[in-house]
Amino acid sequence: MKISSPSLGILIFMSAFSYIAEGQNFIGLHKNEIQGMLKKVNPQFKLDRGVINHTYNYLKFVDKVSEQTILFFLSDRDSCTYVRWMSDYSNLGDMTGMLNHKYRKDGPNKWSYTDKGSDYSVTLVEDEWYFTVSYRKN
C-alpha cells in the first residue's frame, strides 16, 4: 500500500502527539532524558541548534514533514518545566480531537489531567499563522 505525502504527514503527526497525550508530558524530565525519549518514540523530530536564545534555557525540536515545533523549557538544573507545541493549522482538527479524547475539557481551548498525583493544564492558542498547545504543571 502506498501512502500519499499528506497522509504520511498526518500519520506522523498522530503518532508524535499520541505519545505525549498518553500521559508522558516530559515535565520533570532532564534534558538528556527528553532527547533520548523523543529520538526513540518520535524520530521524525530533530534537535534544532540553529537558533540560540540566551534568555531561555530550552530544547527545540522540529518536524519539517508536518510543520511542527516542540519547545521544552528547562530549569537551571536542566529539567523540563513547560512544553510548548507549535503546529501548522493543517493539524488543528487532529490536535483538538486528540485533546478532547485524552484530557478533561475545562473550557474553550482548555484541558486538564492528573498524572502521578500532580495536576497539569493544557491550553491551545490560535495565532495568526500557527497554533500552540502548552503543557504546564499547576
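The values are calculated or read from the model by the stated rules, or taken from the named source; none is laboratory data. The shown structure was predicted, so the numbers you read here are calculated from the model rather than taken from an experiment. Heads up, the Cβs are rebuilt from the backbone with ideal geometry, glycines too, and the neighbour counts pull from every protein chain shown.
Being out of contact with any strand residue (DSSP E or B) (no Cβ under 9 Å at 6 or more places or on another chain) and of a type in the set (S, T, N, Q) holds for only one residue in 42, 32, 109, 100, and it is 32. Considering each residue of segment 76-94 in turn, at least one proves to be small (Gly, Ala, Ser), surrounded by fewer than 18 Cβ atoms within 10 Å (Cβ to Cβ), within 21 Å of residue 39 (Cα to Cα) and touching a strand residue (DSSP E or B) at 6+ places or on another chain (Cβ under 6 Å). Note on segment 119-138: residues that are farther than 20 Å from residue 71 by Cα and in a loop (DSSP other than H, G, I, E, B) total 0. Within segment 82-122, the set of residues being closer than 17 Å to residue 137 by Cβ, at pLDDT 95 or above and polar (S, T, N, Q) comprises 112, 121.
The set of residues from segment 49-62 being at pLDDT 90 or above and not aliphatic (A, V, I, L, M) comprises 57, 58, 60, 61. Within segment 97-114, residues that are on the phi > 0 side of the Ramachandran plot reach partners that are surrounded by 15 or more Cβ atoms within 10 Å (Cβ to Cβ) and not hydrophobic (A, V, I, L, M, F, W, C) with beta carbons closer than 9 Å, at six or more positions or on different chains, in the pairs 109/96; 109/123.
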